[in-house]
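Comments concern the structure below.
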Amino acid sequence: MLAAKLVQNQGLHVAGLNFFTGFCVEGHTHSIRSRSNRKPRRNNALWVAEQLNIPLYMIDVIEEYKSIVLHPRHGYGANLNPCLDCKSFMVKKALEWMHAHEFDFIITGEVVGQRPMSQRRDTFPVVARESGANDRLLRPLCAQLQPLTLPEREGWVDRAQLHGFSGRGRKAQIALAEQLGLKDYAQPAGGCCFLTDAAYSRKLRDLWRNRDRPDYDIDDIMLLKVGRHLRPRPHLKVIVARDAGETRYLRGYRRRFTCLDMTSHNGPLTLVEGEQNDEDLDLAARIAARYGQGRHEPMVRFQVLSIDGREREVCVTPLRADEVPRSWYL
Amino acid sequence: MVSVTRHLDVTGLLCPMPVIQTQNCVAELCPGDVLSIRCTDPGALLDIPAWCRVHGHVLLSTDENPEEIVIVIRVSS
Ligand code: SF4
């Protein structure tokens, strides 16, 4: 937002691009959890565009982004976040868009030294080079610490009015926001996607381990954001909704998973993945029963809907808390 | 009663997909055309009007019932 505003203030026409990878923290999770719990949140990219009075183009890159997540040339960060490859990919997509829409250069809000992987002094040039943007990539917040770019050389932007911020601190950005009259500016302090999240990455690794080869589709990665995920046996995964909103959402997956609907008590919907025999299904139901109102009752009843559409009933004794080892939780 | 030029069904999709699909659909329409969007994600009630404001399209109506949300917009130039 600050970077865009700096360039906009020099009289240039700026358009925003927002790439949707499927892993974005925005939107989905807020939408899935119960409406009573939380109001839908604003979409930050749209909000920023509105504040700056610029058009915003939102681009679905889910399919293309898969190769970045699955085979990052520069590896992962602390979790499954391929930040350096990701940045290069997004700038490359922005470059394609730039050419198609007759824009002249690309700006990003990066600050050298701010993030451990993609914004280090030595990795900064990698994004410009590997994206193909080269000197058409301008980082207005730290431009004064970087080699001259095309827009500066051509005089489209005045380098003197850009900045030389570096490091992890945000004081300079906050002061600049104030100076620019931006009271509430959206700037994620941590990562901008679920791939930086340790718990999410653990679930994604588990998914890859249990497939013939590492792969995913949008339904897979959405599902990892929802519910409690447990793997009580190597071939058996159980996903228990945490509230009514998640129950509603998980119901949409009933054709891909065996579905356990608690009928004797109020309780969340549970999905079961993997080939299951009766014993597995019993175990899954006993786990699911822990999270319903009948958790202290001797018996809890479920309606079981198999993927092939067969329906039947099972009655189980809920597991006690001490019968669910921590190691089952993903 | 406005006459709808195109209906877009994005039920089951979560934000930002309803906005992205709206944006892509509007790109194929002409100024003055009316698009009716059916969705289920309550986030669309914030996002689609915000997207319209950003691009200068006109929000004609929003209608919410327990099953779905219908948002009608008029495409501007
Ligand atoms: S945190 Fe940001 S840069 Fe890193 S992988 Fe996620 S979207 Fe890409």
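Residue A:117 - would you say it is in contact with a Ser or Thr (Cβ under 8 Å, 6 or more places away or on another chain), under 25 Å from residue A:135 (Cβ atoms) and either at pLDDT 95 or above or surrounded by 16 or more Cβ atoms within 10 Å (Cβ to Cβ) (or both)?
yes
Residues are listed down the side, and each one gets a yes or a no for (1) over 24 Å from residue A:309 (Cα atoms); (2) not in a loop (DSSP other than H, G, I, E, B):
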residue: A:174; (1), (2): yes, yes
residue: A:177; (1), (2): yes, yes
residue: A:206; (1), (2): yes, yes
residue: A:212; (1), (2): yes, no
residue: A:222; (1), (2): no, yes
residue: A:229; (1), (2): no, yes
residue: A:271; (1), (2): no, yes
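Yes or no, residue by residue, for (1) surrounded by fewer than 21 Cβ atoms within 10 Å (Cβ to Cβ); (2) modelled with pLDDT of 95 or more; (3) under 9 Å from the mean Cα position of the chain (by Cα):
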residue	(1), (2), (3)
B:11	yes, no, no
B:14	no, no, no
B:37	no, yes, yes
B:44	no, no, yes
B:67	yes, no, no
B:71	no, yes, yes
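Can you name the number of the only condition in (1) over 23 Å from residue A:51 (Cα atoms); (2) surrounded by fewer than 20 Cβ atoms within 10 Å (Cβ to Cβ); (3) modelled with pLDDT under 95 that residue B:77 fails?
(1)
Name the residue, out of A:305, A:283, that is surrounded by 14 or more Cβ atoms within 10 Å (Cβ to Cβ) and within 18 Å of residue A:250 (Cα to Cα).
Step by step, each of A:305, A:283 is checked, and only A:305 is surrounded by 14 or more Cβ atoms within 10 Å (Cβ to Cβ) and within 18 Å of residue A:250 (Cα to Cα).
Check whether at least one residue in the stretch A:236-247 is crowded, with 20+ Cβ neighbours inside 10 Å, modelled with pLDDT of 95 or more and assigned to a loop (DSSP other than H, G, I, E, B), and report yes or no.
There is at least one residue in the stretch A:236-247 that is crowded, with 20+ Cβ neighbours inside 10 Å, modelled with pLDDT of 95 or more and assigned to a loop (DSSP other than H, G, I, E, B).
Could you list, ordered by first residue, the pairs with Cβ atoms under 6 Å in which the first is in the stretch A:1-17 and part of a loop (DSSP other than H, G, I, E, B) and the second is surrounded by 20 or more Cβ atoms within 10 Å (Cβ to Cβ), at least 6 apart or interchain?
A:1/A:48; A:10/A:157; A:14/A:4; A:14/A:7
Test each condition in (1) within 15 Å of the ligand (Cβ to nearest atom); (2) of a type outside the set (Gly, Ala, Ser); (3) in a loop (DSSP other than H, G, I, E, B) for residue A:126 and report the one that comes out false.
Going through the list (1) within 15 Å of the ligand (Cβ to nearest atom); (2) of a type outside the set (Gly, Ala, Ser); (3) in a loop (DSSP other than H, G, I, E, B), residue A:126 breaks only (3).
Are any of the residues in the stretch A:133-142 more than 25 Å from residue A:163 (Cβ to Cβ) and in contact with a strand residue (DSSP E or B) (Cβ under 8 Å, 6 or more places away or on another chain)?
No, there is no match, as no residue in the stretch A:133-142 is more than 25 Å from residue A:163 (Cβ to Cβ) and in contact with a strand residue (DSSP E or B) (Cβ under 8 Å, 6 or more places away or on another chain).
Restricting attention to the stretch B:6-44, which residues are over 23 Å from residue A:223 (Cα atoms) and facing chain A (nearest Cβ under 9 Å)?
Scanning the stretch B:6-44 gives B:23, B:24.
The values are calculated or read from the model by the stated rules, or taken from the named source; none is laboratory data. Being a predicted model, the structure only gives us computed values, none of them experimental. Methodologically, a virtual Cβ is constructed for each residue, glycine included, from the backbone with ideal geometry; neighbour enumeration extends over all protein chains shown.
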